[in-house]
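The values are calculated or read from the model by the stated rules, or taken from the named source; none is laboratory data. Predicted model only: the values in this text are computed from it and were never measured. Neighbour counts run over all protein chains shown; Cβ positions are idealised from the backbone, glycine included. Protein only, heavy atoms only, side chains kept; ligands, DNA and RNA dropped before computing areas. Shrake-Rupley method; radii C 1.70, N 1.55, O 1.52, S 1.80 Å.
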Amino acid sequence: PGNAYYADLRPTGDCTAVLVDTGEVRWTLECHDGEVRCFSQGAASDDLACVTHVDEVKRIEVFYDHGIIEVFVNDGEAGAMLAYDERKNGGFSVSGDTSCEVCSLRR
């Protein structure tokens, strides 16, 4: 509710998280072999991706608040993307080898 959330992922293997999906545009995070990659599908930014390489991915934190996605890897390495979604309610999903806690953000 409110279309703003915080997600705390603790990968133990490969995982994929759909950060925002409007039905027309999707922003996705993939974690595979020490690489964390954020990218869009269906947006003008499809040719761009935020990619981080680390020895081991221990934690991924995602903050989403009505158009801004911030991703923090291992408590410090960061990237940000714009992700416009005017809906009052959004969605977040994750699959793969990870534990995840998702909390709504309050204004």
(request) Could you look through the range 6-17, keep only residues that are in contact with a Leu (Cβ under 8 Å, 6 or more places away or on another chain) and open to solvent by 20 Å² or more (accessible area, probe 1.4 Å), and pick out the one that is modelled with the lowest pLDDT? (result) Tyr6
(message) Restricting to the range 26-50, give me the number of residues that are modelled with pLDDT under 90 and closer than 16 Å to Leu82 by Cα.
(response) 8
(message) I'd like to know if the range 22-33 contains one or more residues that are of a type in the set (Gly, Ala, Ser) and touching a residue at least 12 places away in the same chain (Cβ under 8 Å).
(response) no
(message) If I ask for residues that are part of a strand (DSSP E or B) and open to solvent by 30 Å² or more (accessible area, probe 1.4 Å), which ones from the range 18-42 would you list?
(response) Asp21, Arg26, Glu30, His32, Glu35, Arg37, Gln41
